[in-house]
Amino acid sequence: MSAIAAAAAALSIPTSLCRSSKFTAKKAVKGGFAVSAIIGEEGELVDRKNLWMTIFEVEDPRSKVPQCKGKFLDVNQALEVARYDIQYCDWKARQDVLAIMLLHEKVVQVLNPLAREYKSIGTLKKELAELQEELAVAHNQVHISEARIGTALDKLAYMETLVNDRLLQDRNTMEFNVSTSTPSTSAESLDTVKTRHPRRSLNVSGPVQSYHARLKNFWYPVAFSADLKDDTMVPTDCFEEPWVIFRGKDGKPGCVQNTCAHRACPLHLGSVNEGRIQCPYHGWEYSTDGKCEKMPSTRLLNIKIRALPCLEQEGMIWIWPGDDPPTANLPSLLPPSEFQIHAEIVMELPVEHGLLLDNLLDLAHAPFTHTSTFAKGWSVPSLVKFLTPASGLQGYWDPYPIDMEFRPPCMVLSTIGISKPGKLEGQNTGECSTHLHQLHVCLPSSRQKTRLLYRMSLDFAPVLKHVPFIQYLWRHFAEKVLNEDLRLVLGQQERMLNGANVWNWPVSYDKLGVRYRLWRDAVEQGSKRLPFEKSA
Ligand code: FES
Ligand SMILES: [Fe+2]
């Protein structure tokens with residue numbers, strides 16, 4: 001691509017228009033400029049006067065910037081200023097690119113064979129050297145403009161999150177006022193509040209509702225591969241239904257309903273023989289696709305129990321509980337390659353999975369809640385922020401060296417920088433020499449039960465893997481930390497069931513939790529495009 005075509009492409013001008021174009025900048029707009037060009041084949045006999053075509057007009061946005069000197073800006077004014085900031089950068093960048101285009105034109109003119117006849121080689125060289133210098137300056141200017149635009153966009157993203165936080169607060173202030181101005185003890189008054197403010201305003205209160213069918217249309221990790229031997233089973237509830245996972249004859253895992261077709265006996269109380277699960281009551285045997293293959297003492301009937309799509313990947317067993325056809329790809333939950341997995345722990349917890357996710361996606365509680373474990377001795381920072389792009393579900397905690405991500409539908413990934421065991425040092429994870437990587441999977445078992453799959457990896461001390469009984473130690477630590485959270489989350493759940501809104505007053509450090517709730521609301525409402533999705 002030629003330089004002019006490249007510049008044109010950068011400015012979104014169809015490159016076909018640039019076959020033979022002469023550019024010029026005209027002062028056409030008050031406080032701005034316009035770029036015009038003659039379009040046509042080289043050497044064509046054309047009336048050039050009539051062929052000047054304006055490619056774009058760029059107005060200097062500075063003339064319109066709101067004058068707010070010395071005033072306190074409200075969020076809308078501040079956004080407006082940021083918007084003009086970006087427009088100005090854009091205007092500047094276009095000017096810079098235009099300067100380069102004009103310089104290129106000059107170079108072409110200098111090298112023009114006709115012009116060469118009248119100039120000595122020395123003059124040509126000098127002119128070219130000068131032009132090269134000018135070009136270098138112009139290119140530098142473009143880089144500066146790029147940086148300026150980057151900063152302005154960051155500023156806009158930050159302001160957008162401020163506005164979102166503010167809107168959330170306003171919504172919740174309204175909601176709080178409504179609920180405090182009416183008696184909130186009767187079911188009727190709570191219903192009234194809910195009708196006026198639909199769930200989108202983050203009202204997470206009242207009895208835990210049945211899970212929405214749309215939330216089931218995802219791949220869910222249910223067990224670690226290491227926990228599923230050839231002759232063992234893993235029973236698990238998922239979305240309020242009992243399932244049991246076992247390996248078939250080919251070693252591949254299968255997931256069938258944990259209820260015998262004959263008389264509803266739990267199958268996991270039986271055994272696995274030659275890739276079939278055997279009911280402990282009358283011995284009926286089912287394969288991983290749910291087909292009953294043996295019925296001792298009676299004629300074999302054609303019976304099948306429900307089975308879910310089930311796959312194994314990277315040390316985990318996944319199921320697809322939804323009615324939609326399963327998607328082809330499973331997300332990867334492995335830590336980066338420099339990490340080694342040290343612990344895989346499963347816990348059944350008596351709280352709704354959303355409440356547990358809210359808790360895991362929050363770090364601001366650490367110096368208050370985890371005073372006997374990992375946050376022992378932490379001071380309380382004057383400001384805790386979760387820094388993230390405006391559209392992301394991942395970011396990092398300021399001032400802690402901790403990166404965090406919510407991975408739909410129910411996973412939390414975090415990387416913690418630890419320079420010394422048990423000590424947090426440095427402002428970001430990149431500054432730390434050693435790290436701990438955590439995966440928390442919060443499987444929705446039933447309305448008030450979560451199956452938690454926890455995987456812990458380290459990028460140092462591989463020798464720890466070989467320390468005898470270390471698994472017990474890791475489990476002890478994990479349970480101790482979780483118990484510090486659990487008593488609080490259980491209390492929240494109890495109040496939620498009685499009508500309290502667990503998201504009554506979100507503040508800026510609640511950003512990631514709030515985004516999870518917005519994502520979940522959008523899934524349940526059937527939104528075509530889910531918020532905060534990574535662009536493909
Ligand atoms: S209940 Fe399972 S075989 Fe009878
Ligand atoms: Fe916690």
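Give the ranking of TRP474, TRP320 by solvent-accessible surface, highest area first, calculated with a 1.4 Å probe. Spell out each step's value before the answer.
Values: TRP474 45, TRP320 10 Å².
Per-residue accessible area, sorted high to low, gives TRP474, TRP320.
Order these peptides, 121-133, 478-490, 349-361, by their mean beta-carbon neighbour count within 10 angstrom, highest first.
Numbers: 121-133: 12.2, 478-490: 16.2, 349-361: 22.2.
Top to bottom by mean Cβ count within 10 Å: 349-361, 478-490, 121-133.
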Next on the checklist: Under 8 Å for C-alpha pairs, at least 6 residues apart: give me the relative contact order for the range 300-427, rounded to a whole percent.
Outcome noted: 12 percent
Next on the checklist: With just the Cα atoms defining each centre, how far is the range 464-536 from the range 380-422? Give it in Å.
Outcome noted: 13 Å
Next on the checklist: If you consider only alpha-carbon coordinates, what radius of gyration and Dmax does the range 334-524 have, in Å?
Outcome noted: 16.4, 50
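Determine the alpha carbon to alpha carbon distance for each of LYS216/LYS449; LYS449/LYS511; LYS229/LYS252; LYS449/LYS528; LYS249/LYS304 and list only those over 20 Å. Working shown, then result.
Values: LYS216/LYS449 16 Å; LYS449/LYS511 25 Å; LYS229/LYS252 11 Å; LYS449/LYS528 29 Å; LYS249/LYS304 18 Å.
Distance filter (> 20 Å) returns LYS449/LYS511; LYS449/LYS528.
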Checklist entry - GLU494: net charge of surrounding residues, Cβ under 12 Å, Lys/Arg +1, Asp/Glu -1, itself excluded? => result +1
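Going by average Cβ density within 10 Å per residue, which order do the peptides 519-529, 264-274 take, highest to lowest? Please report the intermediate quantities before stating the final value.
Details: 519-529: 14.0, 264-274: 17.3.
In descending order of packing, they fall as 264-274, 519-529.
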Checklist entry - How much FRET efficiency would the formula 1/(1 + (r/R0)^6) give for SER433 and LEU387, where r is the Cβ-Cβ distance and R0 is 25 Å, rounded to 0.05? => result 0.70
Item to check | Ranking by accessible area, most exposed first, for ILE277, ILE341 with a 1.4 Å probe | outcome: ILE341, ILE277
Item to check | Karplus 3J(HN,Hα) series, Hz, for the range 333-342 with 6.51 cos²θ - 1.76 cosθ + 1.60 (x for Gly, Pro) | outcome: 10, 5, x, x, 4, 6, 8, 10, 6, 10
Checklist outcome for this item: Checking rank on 294-304, 225-235, with mean other Cβ inside 10 Å and highest first, the result is 225-235, 294-304
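Once the other residues with Cβ under 10 Å from the Cβ of HIS437 are scored (Lys, Arg +1; Asp, Glu -1), what is the net sum?
Values: positive: ARG455; negative: GLU338, ASP403, ASP459.
Computed value for this residue: -2.
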Checklist entry - If you average the sequence gap of Cα pairs under 8 Å that are 6 or more apart and divide by the length of the range 220-312, what percent do you get for the contact order? => result 23 percent
Item to check | Dipole magnitude of the range 334-524 about its Cα centre (Cβ charges: Lys, Arg +1; Asp, Glu -1), debye to nearest 20 | outcome: 280 debye
Checklist outcome for this item: Placing +1 on each Lys and Arg Cβ and -1 on each Asp and Glu Cβ in the range 220-312, then taking the dipole about the Cα centre, the residue among ASN273, ALA223, VAL244 whose Cα reaches farthest towards the positive end is ASN273
Item to check | HN-Hα J in Hz across the range 374-382 - Karplus 6.51, -1.76, 1.60, θ = phi - 60°, x for Gly and Pro | outcome: 5, 9, 4, x, 5, 7, 8, x, 5
Checklist entry - In square angstrom, what is the accessible area per residue of the range 220-312 with a 1.4 angstrom probe? => result 48 Å²
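Which FRET efficiency value, to the nearest 0.05, is calculated for LEU334 and ALA136 with the Förster distance at 51 angstrom and r the Cβ-Cβ distance? Display every interim value, and only then the final one.
Numbers: r = 46 Å, r/R0 = 0.90.
With R0 = 51 Å, the Cβ-Cβ based efficiency is 0.65.
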Checklist entry - Tell me, what HN-Hα J-couplings in whole Hz come from the Karplus equation 6.51 cos²θ - 1.76 cosθ + 1.60 at θ = phi - 60° for each residue of the range 259-275, using x for Gly and Pro? => result 9, 5, 5, 5, 9, 6, 6, x, 6, 5, 7, x, 8, 10, 10, 6, x
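The values are calculated or read from the model by the stated rules, or taken from the named source; none is laboratory data. If you're wondering where the values come from, they're calculated on a predicted model, not measured in any experiment. No Cβ is skipped: glycine too gets one built from the backbone with ideal geometry, and neighbour counts run over all protein chains shown. Note: areas computed on protein heavy atoms with side chains; ligands, DNA, RNA excluded. Shrake-Rupley method; radii C 1.70, N 1.55, O 1.52, S 1.80 Å.
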